[in-house]
């Protein structure tokens, strides 16, 4: 079985296929002669919606009109289901000449269309099956979604396959000045590093422009889907201009906004009701050393049950147990007793994992890690596997010398709408650690520096700008890359001055 089948499938309910078609008068275009294609058709919701609308309006479903509807789908079973369903519902033998069982990424398609409509698969590159990932990687590079293979293994592994499919179909399947209408993950417009390549607005050496976006915030278009989504209209052979008409669902109504890129044309979008709100830009100049790049918390790579404890374990060496930040420290005095602890078998000075020989010097630590060895060795991820393959199967991500700075200016980075940086110092001689993407921090080596940085970050325009960048309540609310981007960090390049500034 082709491993591409079923990847990122999110079927569109018929009701919402009709909603998109009615929103942009796609039925009328088809009635009047447009050739329409769904390049990732699944079970053909959009074509079925067109047929339903035709029947309600009393428009004859003629062979000529059917010849202007095309479905491309990698899974032959879906196409068979569609043909059987259309026969039962409409008494129509849908022409087999309009079916193409193809992987739209891998296989070329000779026809071109006036309109593309659909809902491409949603799946991050990093989550694809390994064999399919190998096959599809060259296409991410060819479509300029990433600059090199290494970036696919780093931050750009979060790029969605929907971005690749969209570039391919806009650039190769549309006629001159054709248009496309799609349901999409909203990260294509707001993802920072991962989707910059999509936002060069060029596909197969053809310009394309995002015309209009509708962001769903309350309607459950796709039940059970956690990904944030929208629908958008694209126009090919047109240069991207701003602002883009951006509609957001508020209190059951569509409220019009304007979207513009932040800092450069390929940057994440910034959404405002009125263009004069764009005057909000803190442009704060924070003097930091190169050692003080904003960081994410420690990532156990799926092994929280091994490394994180509700109560400080008495049978493990205390020198490797660190207080872990939790939501409670933003609700009360930051010096309160830790609610959780994290095990870090690392050197504090170098920020590197201990060798197995050094771990063996601590019998309790050695025995504990050996009891979890199978779990730790089977963790997934390309970069993690490379570390495990070098023998460090007890390693974590997000650990370095910065993790052991005695002070941290730390804030909640995930799913919030308030930006409240606080300063954490040591508890019993051990430094606080951030918890994965939940927290972000700036390491500091003096309390004075930490208080100065926190005071600067308390500028009320920072959360206002974060909300304009569409982060409120979302996973990218105040992640390190975003904070670094919205502020002006002046870095000392002199390594001897790193801790002096800190």
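Details
- Set 323, 353: member being at pLDDT 95 or above, under 22 Å from residue 387 (Cβ atoms), surrounded by 12 or more Cβ atoms within 10 Å (Cβ to Cβ) and under 33 Å from the mean Cα position of the chain (by Cα): 353
- Residue 232 being touching a helix residue (DSSP H, G or I) at 6+ places or on another chain (Cβ under 6 Å), surrounded by 21 or more Cβ atoms within 10 Å (Cβ to Cβ) and either closer than 22 Å to residue 475 by Cβ or at pLDDT 90 or above (or both): no
- Positions within the stretch 329-347 being surrounded by 14 or more Cβ atoms within 10 Å (Cβ to Cβ) and either in contact with a helix residue (DSSP H, G or I) (Cβ under 7 Å, 6 or more places away or on another chain) or in a helix (DSSP H, G or I) (or both), in sequence order: 329, 330, 339, 342, 343, 344, 345
- Annotation for the stretch 349-360: at least one member residue is in the same structural domain as residue 425 (by TED's automatic domain parsing), in a loop (DSSP other than H, G, I, E, B) and in contact with a strand residue (DSSP E or B) (Cβ under 9 Å, 6 or more places away or on another chain).
- From the options 67, 130, 97, residue that is on the phi < 0 side of the Ramachandran plot, surrounded by fewer than 19 Cβ atoms within 10 Å (Cβ to Cβ) and modelled with pLDDT under 95: 130
- Hits in the stretch 103-114 - residues which are under 27 Å from the mean Cα position of the chain (by Cα) and in contact (Cβ under 8 Å) with a residue 12 or more places away in the chain: 103, 104, 105, 106
- Selection within the stretch 63-78 - assigned to a helix (DSSP H, G or I) and in contact (Cβ under 8 Å) with a residue 24 or more places away in the chain: 63, 65, 66, 76, 78
- Residue check for residue 65: farther than 20 Å from residue 167 by Cα and under 37 Å from the mean Cα position of the chain (by Cα): no
- Count of the stretch 430-444 residues, restricted to those that are at pLDDT below 95 and either farther than 23 Å from residue 351 by Cβ or out of contact with any helix residue (DSSP H, G or I) (no Cβ under 9 Å at 6 or more places or on another chain) (or both), is 1.
- Selected residue (criterion: surrounded by the fewest Cβ atoms within 10 Å (Cβ to Cβ)) from residues of the stretch 20-44 that are over 30 Å from residue 130 (Cβ atoms), in contact (Cβ under 8 Å) with a residue 60 or more places away in the chain and within 30 Å of the chain's Cα centre (by Cα): 23
The values are calculated or read from the model by the stated rules, or taken from the named source; none is laboratory data. From a predicted model like this one, the values you see are computed outputs, not experimental measurements. Using ideal geometry, Cβ is built from the backbone for each residue, glycine included, and neighbour counts are taken over all protein chains shown.
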